[in-house]
Amino acid sequence: MTGRVHKGSGADYISAVCLIVFGAAFATAALRMRVFNNSFLVSPGLFPLILGGVFILLGFLLLRSAAKRGGKDQALHVLGKENLTAFFSSPKVRKGTVLLLLVIAYVAAVAYIPFLWATAGYLIVTFLYLKAMKLHWSILLAFAAAWVITAAFRDLFRIPMP
């Protein structure tokens, strides 16, 4: 290490670790795929295995470069308790978390409620949470959008809706 910390080294270090983990998961999943004729060369897992290996290799190269530039210390500082507490107490992060939970609830609801009703309900709740417009406009726009999407996929694209 040169003793000097360069801006962005911590982000590079964290990204490199994520690349390595993602590449390893990709390669592991590829190795679990079915092999035809006892030859891995005709297996559907060959390309994902190569891709996983490339991710791992590039991750290690980035990790080495970031470590030389002081990335480990900077990454530990960024991921420290003080910074993470400030991040998670941010109003934007809380709003983003609520919106993510609404999306998850919507995806779960589509399995049990017809698409039109689930989509309209999701849009109404999202519009109200974001205070995007008045209630009557939220309801009108939500049902109009849900109906247009349903009609387009069902009638125009001939894709059955859940």
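Out of the total accessible area of the chain (probe 1.4 Å, heavy atoms of protein only), what percent is carbon and sulfur?
Solvent-exposed carbon and sulfur of the chain make up 73 percent of the total.
Got a sec to turn the phi values of region 61-68 into Karplus ³J(HN,Hα) couplings, 6.51 cos²θ - 1.76 cosθ + 1.60 with θ = phi - 60°, whole Hz, x for Gly and Pro?
Karplus values, whole Hz, x for Gly and Pro: 5, 5, 4, 4, 5, 5, 5, 5.
Okay, helix-only estimate at 222 nm for the chain: each DSSP H run of n ≥ 4 adds -39500 (n - 2.57), divide by all residues, round to 500 deg cm²/dmol; what do you get?
Value at 222 nm, helices only: -23500 deg cm²/dmol.
Mind checking the angle between helix 115-130 and the chain's longest principal axis? C-alpha axes, 0 to 90 degrees, to the nearest 10.
The two axes meet at around 70 degrees.
Enumerate the residues in region 51-74 having an amide nitrogen under 17 Å from the point lying 7 Å beyond the Cα of Asn83 toward its Cβ.
From region 51-74, the list is 63, 66-74.
Ignoring ligands and nucleic acids, what accessible area does Leu61 show with a 1.4 Å probe (Å², nearest 10)?
In the full protein context, Leu61 sits at about 90 Å².
Hey, how many Å between the Cα centroid of region 133-162 and the Cα centroid of region 90-109?
Comparing the Cα centres of region 133-162 and region 90-109, I get a distance of 21 Å.
Going by alpha carbons, how many degrees (0 to 90, nearest 10) lie between the helix axis of 135-151 and the longest principal axis of the chain?
Here the helix axis deviates by roughly 80 degrees.
Compute the helix-to-body angle for 9-31: its Cα long axis versus the longest principal axis of the chain, expressed 0 to 90° and rounded to tens.
Once rounded, the angle reads 80 degrees.
What does the convex hull of the Cα atoms of region 1-79 come to per residue, in Å³, rounded to a whole number?
Measuring per residue, one finds 73 Å³ for the Cα hull of region 1-79.
If you take Rg/Rh (Cα atoms, Kirkwood Rh) from the coordinates, which of [x] 1.02; [y] 0.93; [z] 1.15 do you get?
Answer by label: [z].
Any idea how far apart Arg34 and Ser65 come out in nm if each label point goes 7 Å out from Cα toward Cβ?
Label-label distance for Arg34 and Ser65, simple model: 4.1 nm.
Please report the accessible area of Leu141 (heavy atoms, 1.4 Å probe, ligands and nucleic acids excluded) in Å², nearest 10.
The accessible area comes out at roughly 80 Å².
The values are calculated or read from the model by the stated rules, or taken from the named source; none is laboratory data. Just so you know, these numbers come straight off a predicted model, no measurement behind them. In this analysis, Cβ positions are derived from the backbone assuming ideal geometry, glycine residues included, and neighbour counts consider all displayed protein chains. Note: areas computed on protein heavy atoms with side chains; ligands, DNA, RNA excluded. Shrake-Rupley method; radii C 1.70, N 1.55, O 1.52, S 1.80 Å.
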